[in-house]
1. Could you give the length gained on full extension between LYS321 and THR388, defined as 0.36 nm per residue of separation minus the Cα-Cα distance, in nm?
2. How far apart, in nm, are the 7 Å Cα→Cβ label points at GLU81 and ALA411?
3. What do you get for trypsin sites (Lys or Arg not before Pro) in segment 500-547 restricted to DSSP loop and a cutoff of at most 14 other Cβ within 10 Å of the site's Cβ?
4. All other residues with a Cβ under 10 Å from the Cβ of ILE232 taken together, and with Lys, Arg as +1 and Asp, Glu as -1, what is their net charge?
5. With the crude spin-label approximation of a point 7 Å out along Cα→Cβ, what separation in nm comes out for LYS656 versus LYS556?
6. Give me the percent relative contact order of the chain, please, defined on Cα pairs under 8 angstrom at least 6 residues apart.
7. Could you work out the relative contact order of segment 424-531? I mean the mean sequence separation of Cα pairs under 8 Å and 6+ apart, divided by the number of residues, in percent.
8. Starting from 0.36 nm per residue, how many nanometres of slack lie between PHE461 and ASP277 once their C-alpha separation is accounted for?
Amino acid sequence: MYRHIVTLLLTVFISACGGGGDESSDVITVSKPPKATNVALKGSEIDNGIQSGQEVIGQYTFNSASIPPGLDASIGFWETESGTSIHRGLKYRIPRDNSLAGTRIRFCVKPFNRIDRKAGKKACSKFVLITPVFFDPSSPMVKILSNAYTPEVVGGELLTFIINKNGDSVDGEHGFRWKRNGQIISNENSDSYLLTVADEGKYISVCIINQVTNTLISCSEETNAIQAAAGIMPSVYLEPLSAKVEVGQNVLLDYHFIDLDNDKEDIDTTSFSWFVDDNRVSTEQSLLVDASMLDKQLKGCVTPYSLTGWPKPGEMTCTEKITITSIAGDLPRANNVAIMGHRFEGKTVEGSYDYFDPNNNQETASLFTWSIIKNGQETVVGQEQGYTLQSGDEGKGNKIRFCVVALNNQAQGIPACVTEDIAWLDGKGSFKEGGEVTANLKGYPEFSQSYWLSSDKGTAFPLAINTRSNGVSPLAIESSLPNFINLRPMRLCVSFDNNLLNSDDVCREIPVGNKLTRSIRLKDEQGVHAAININQSVVVDKHYRLHRPHTWSEFKALPKNMQSEFSSAESSHLIGESYSGVKMTPQQANKFCLLMHGATGLASPVFYNKFATGSDLSNSWPTELMLQEFVAKGPDGYYQLDNSGFTPPVPADLRKKYAFMCVSLAP
């Protein structure tokens with residue numbers, strides 16, 4: 001069955017991803033095949049080889065000779081010396097089982113322009129050797145069975161095996177826990193896992209549980225990003241243009257997205273083109289026909305992209321050509337209808353137009369209509385020439401429409417409308433240390449500079465400042481970022497002058513989204529937020545891994561059956577924070593640590609005194625989270641307060657609930 005998605009007007013698109021410029025701001029007069037240069041692997045240390053189990057990242061520079069430059073839609077992949085393709089994407093984790101040891105691989109790029117799909121020549125890095133890894137674990141290890149030459153694909157099944165330190169198979173009953181991007185997958189507890197569309201682009205791992213002690217034993221390394229299932233490329237059905245297109249009209253590409261594999265549309269990437277006498281004049285979904293186009297041939301085109309499945313791009317599909325005619329009839333007209341101003345919540349926009357009457361009758365009181373379009377539903381919100389955007393008007397894909405009916409004492413004209421995107425943005429990338437997040441902006445006005453800002457209102461600390469007009473820099477998530485940024489959402493701010501942190505700067509939070517990964521989802525009265533997650537656990541004393549205190553949102557994200565095992569769990573209010581911690585009775589806290597992270601369990605006073613208050617952790621874990629009253633497990637197995645400072649230590653009340661930290665053995 002066909003699945004039809006009708007989308008409305010998509011206008012200004014500013015991309016901070018990859019290379020290339022903004023194709024919506026200029027007329028494309030030349031289209032040429034792009035080139036990929038500087039193709040290499042990140043990091044100089046890999047020149048001596050890549051160890052099995054290591055993640056490698058490819059990089060390249062996208063070069064477009066088109067005028068103006070095209071947007072990047074290149075395909076990166078990894079191949080062996082024999083030319084066998086083993087993975088698709090910028091990142092590749094070498095299998096830890098040494099199945100590729102001794103093999104030489106390289107990263108390659110096939111460059112593509114995003115709009116017209118013009119392809120350049122394949123370019124590759126130099127080959128690097130994969131070296132073996134040697135390990136001697138002290139406990140059984142669970143592994144995901146994989147073929148290094150066959151990537152894991154949606155629809156495939158992941159199988160497991162368990163071995164001891166000698167590599168021999170281990171018998172016995174174990175419980176299994178599957179994770180997607182580090183988050184537990186509900187109701188998946190068998191020794192195999194069938195990959196679904198929800199796993200595309202994600203990383204899967206599995207853990208084994210001792211069913212007698214209910215203690216986590218070990219977890220596998222993550223797979224590479226799960227590849228999309230191959231199928232049929234997407235296509236579109238384009239509604240024909242009106243048989244009569246006149247100067248002054250605003251024409252729209254109305255299309256139906258079609259995918260026979262039932263894949264979803266990537267509305268951020270689907271691209272539009274308008275051609276006048278075969279010259280591309282616009283890359284927006286709508287076009288205002290002006291006098292320079294009179295008597296010329298007009299056609300509109302759409303290049304569809306799928307969010308899921310492979311291949312993602314479809315072929316460019318175009319309407320039939322229509323000859324643009326002059327204005328007919330003697331009715332008054334509203335020409336060059338436009339929306340002026342910044343389309344943000346709380347801002348007032350003004351409708352503008354040029355009144356024209358072939359009989360030279362003076363305009364009286366023309367009629368205005370403002371409407372907001374959400375999910376394809378249009379709602380009239382105003383009938384003045386100006387409109388102030390209200391709470392709820394902003395949102396992904398939401399649009400604003402302004403219509404004018406020209407009016408004089410003799411006649412009333414027909415409606416002339418313009419539709420624009422309400423400004424919105426989303427993010428793509430990883431919110432974990434070592435990751436990088438880029439922002440996609442639509443409907444944004446021209447701005448002078450941009451920067452990233454934590455949602456922490458007490459400290460203004462701009463990051464990744466970009467002083468280029470309409471430019472947005474990626475945000476690098478580094479482990480050294482200050483603690484007031486950790487566990488908080490990030491906002492992208494744009495400034496309309498040369499000063500930062502002004503009251504007229506517009507800041508918007510990067511929302512939870514399909515393309516934003518490794519974030520902590522925090523929930524409050526304003527909704528769900530995607531927060532940065534830095535140093536969720538750290539290795540201390542070389543042999544132990546100390547885990548950050550959990551938040552209430554993280555606990556509530558666990559499967560219901562796991563939550564029910566900890567009846568004492570409740571949220572812990574943190575002063576000045578929009579999120580809460582979690583606290584439990586001492587015995588249940590220790591049980592929670594064993595189940596979630598494995599032995600040793602609840603942290604001892606040594607870890608609190610030596611590490612939890614040290615400079616390394618206090619600079620990365622939020623202060624309020626670390627100022628809670630914690631319970632610790634002493635060397636004799638008794639529970640005590642971690643910060644009592646008394647000898648003998650103050651015992652913990654077994655009926656009282658405390659915050660806690662977990663410690664496990666470092667692999």
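A short reminder: the numbers here are calculations on the coordinates, not readings from a lab. In this text, all values refer to a predicted model and were calculated from it rather than measured experimentally. All Cβ positions, glycine included, derive from the backbone under ideal geometry; neighbour counts span all protein chains shown.
1. On the way: separation 67, 0.36 × 67 = 24.12 nm, distance 3.85 nm.
Once the chain is fully extended between LYS321 and THR388, it gains 20.3 nm.
2. 8.0 nm
3. Those satisfying the criteria are LYS542.
4. On the way: positive: none; negative: ASP259, ASP261, ASP263.
Summing Lys/Arg as +1 and Asp/Glu as -1 gives -3.
5. According to this spin-label approximation, the distance is 2.6 nm.
6. Values: 1715 pairs, mean separation 63.3, N = 667.
9 percent.
7. On the way: 236 pairs, mean separation 32.2, N = 108.
Reported as a whole number, the value is 30 percent.
8. Values: separation 184, 0.36 × 184 = 66.24 nm, distance 5.06 nm.
Between PHE461 and ASP277, full extension yields 61.2 nm more.
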